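> Sending over a structure as C-alpha cells; questions will come in a sec.
Read-outs: derived from the displayed coordinates by stated rules, not from any lab. Keep in mind the model is a prediction, meaning the values are calculated, not measured. Here the Cβ positions follow ideal geometry from the backbone for every residue, glycine too, while neighbour counts run over all protein chains shown.
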C-alpha cells in the first residue's frame, strides 16, 4: 500500500474543508449601512455554510457576530452596539475558513449618531428565472443626485421575494452627514443571489404603502 506524505495529506484536508464549508472571496465582501453604532458585512460563498464576522476593537477584544440564517450561500451580518466615530477591524469566517484580508484585516470607521426625520421607502421584488422568490438575495442601494452619490446601503430579500429600505437613513459617502434623498433623485440597485446577479437604475420613488413597487427584477 502506497503511503501518503504529510504535505499531500494536509492539501487533501484543506480541499475537504473548502468543499464542505465554502470560502469567502475578499473581492465580494461588502460593507454597507455604516451608521453611528453599526454596519453590515455581506458576501457570497461557493457552497452553503455558516457565516460570521470576527470584530476586533481598539483594545484587541474579539466579538463574534453571526449570520441570521445558517448554511446559506449569501451571508448578511449586522455588527452593532458600537461606538460612534470609531475605527474597527474585522475578519470574515465562512464555515471553518477565515478571511482576514491576507493578514491586513478589513477596516471600517463608524460615523456620528444622526437622527433622520421622515420616510422614503422604495420597494420591489426579486425573482428567479422560474418565477420563484429569490429569497435571501442581497440588495445593494445607492442614491444619486446632480451633485453626489450616497454611501452604500443594503437589505435582504424576504421569503416572498420582496425587499424595501428606508432611504431616510442614507448618508454621504464619508458617513458623516445625512444624504437627504428626494424623489427627484435616482436610485441604483444591484441584487446578488446565490449564483447570479442583476442591476437596475432609475428614478427614486416611495412605495406609497405598497401601491408603487418597482417592476420585478430577475436573477440571471
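> Taking the simple approach of a point 7 Å from Cα along Cα-to-Cβ for both residue 174 and residue 159, what is their distance in nm?
With each label placed 7 Å out from Cα toward Cβ, I get 4.4 nm.
> Residues of the stretch 103-128 with backbone nitrogen within less than 19 Å of a virtual label 7 Å along the Cα-to-Cβ line of residue 59, please, listed as ranges.
Within reach of a label on residue 59: 110.
> Round to the nearest 0.05 the FRET efficiency obtained for residue 166 and residue 186 when R0 = 22 Å and r is the Cβ-Cβ distance.
Values: r = 18 Å, r/R0 = 0.80.
With a Förster radius of 22 Å, E is 0.80.
> Could you work out which residue, out of 87, 142, 171, moves most in a Gaussian network model of the chain, that is, has the largest mean-square fluctuation with Cα springs under 10 Å?
87
> Here's something else I'd like to know. For a Förster distance of 25 Å, can you work out the FRET efficiency between the beta-carbons of residue 129 and residue 212, rounded to the nearest 0.05?
Numbers: r = 25 Å, r/R0 = 1.01.
Efficiency computed from Cβ-Cβ geometry: 0.50.
> Just checking my list [x] 19.4, 74; [y] 24.0, 76; [z] 19.8, 62 against Rg and Dmax of the Cα atoms in Å computed from this structure; which label fits?
[x]
> Neighbouring Cβ atoms within 10 Å as the yardstick, rank 91, 150 fewest first.
Taking fewest neighbouring Cβ atoms as first place, the list is 91, 150.
> Quick check: residue separation of residue 38 and residue 119 times 0.36 nm, minus the Cα distance between them. What number comes out in nm?
Additional length available on full extension: 27.2 nm.
> A further question follows. Using only C-alpha positions, report the orientation-averaged shadow area of the convex hull of the stretch 90-220, nm², one decimal.
9.9
> Starting with the highest mean, order 45-57, 194-206 by the number of other Cβ atoms within 10 Å, averaged over the residues of each peptide.
Highest to lowest by the protection proxy: 45-57, 194-206.
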